[in-house]
Amino acid sequence: MQRDFCIGSEWLYYKIYTGVKTSDIILIEKLEPVISKLKKKNIIQKWFFIRYNDGGSHIRIRFLIQNPNKLSKAIQVLYPVLNKLLVKNLIWKIQIDTYQRELERYGESTINESESLFWNDSEMVLEYLSIKASFPNPQTQLLFSFCAINSLLNSFGLTNSDKLNLMDGLQLSFKKEFEIDKTLKKELDKHYRELSPAINQYFNCLDNFEFSEIINTKENKNKETVLAIKCKIQISLVTFLESHVHMMLNRQYTSKQRTYELIIYDHLYRYYKTLNYKQ
């Protein structure tokens, strides 16, 4: 399985350096229209993005070109948009780099399918970002995370017990990283108690809420990919899903991603623990 793809191959990889506050605007208002154009013209098969902070805040965006012969056309379509952002100082640097697949993390046999999951997740997050301003309160962002993660785990057929074990591992790891003390533990307890009624309401009536359609659309898009993964995965499904959940949250939140992960894993662990007690 090929690991590295340099410029000229079927993968085109940009690093777009921009501020934390401007990254969502660039994704929604500038990149989404040009991505739609690339898809409509059959220049790309799929694409995905992630956020990074090393060397400065930036978006890493990768495009799988339909045919390497269309690479120059893809660059030509992207150039005026990216150049205009540079001129307006909305971004301060653009780099084209080598895409190095994380084969150990996502599995050699399932890396193509992982990239499809990344693609569908990126499209879901763009939809989410476009409606986020209409959310009634900041907590709705967390509720979206809970529902999106639960949907992903459901698509792989995890039981409540499976979900509990997965979240237990994640929340323990993050609590160790954050060196949780009694004060922070009490804050997490209080926050969960306050949010618990809304969590139950959203999980029990997901179809009735503002973001249900985009989560359900992603789950439907993933169906064939999930079946393929379950048939041929050669690494631990738990660690595979942990990595995909982590990347989903990386895309959703512009900053403090690991703090959000701590809260989300803690709260989902508590929720699944309650469900298991009731069974």
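The values are calculated or read from the model by the stated rules, or taken from the named source; none is laboratory data. Since we're looking at a predicted model, the values are computed, not measured. Methodologically, a virtual Cβ is constructed for each residue, glycine included, from the backbone with ideal geometry; neighbour enumeration extends over all protein chains shown.
Things worth noting here:
- For the stretch 170-203, filtering for residues that are under 13 Å from TYR272 (Cα atoms) and either out of contact with any helix residue (DSSP H, G or I) (no Cβ under 8 Å at 6 or more places or on another chain) or surrounded by fewer than 16 Cβ atoms within 10 Å (Cβ to Cβ) (or both) leaves 3.
- Checking MET248 against (1) over 20 Å from LEU164 (Cα atoms); (2) touching a residue at least 60 places away in the same chain (Cβ under 8 Å); (3) under 19 Å from the mean Cα position of the chain (by Cα), the condition it does not meet: (1)
- Flag if LEU166 is hydrophobic (A, V, I, L, M, F, W, C) and over 20 Å from the mean Cα position of the chain (by Cα): no
- Subset of the stretch 34-55 [at pLDDT below 95 and either more than 20 Å from the chain's Cα centre (by Cα) or buried (at least 16 other Cβ atoms within 10 Å of the Cβ) (or both)]: GLY55
- Some residue of the stretch 174-186 being within 12 Å of ARG270 (Cβ to Cβ) and within 20 Å of the chain's Cα centre (by Cα): no
- Near pairs, Cβ below 6 angstrom, 6+ apart or cross-chain, from the stretch 139-166 (assigned by TED's automatic domain parsing to the domain that holds GLU242) to any residue that is among the basic types (Lys, Arg) and crowded, with 21+ Cβ neighbours inside 10 Å: LEU153/LYS163
- Qualifying residues in the stretch 125-159 (those that are among the polar types (S, T, N, Q) and in contact with a Leu (Cβ under 9 Å, 6 or more places away or on another chain)) - the one surrounded by the fewest Cβ atoms within 10 Å (Cβ to Cβ): GLN139
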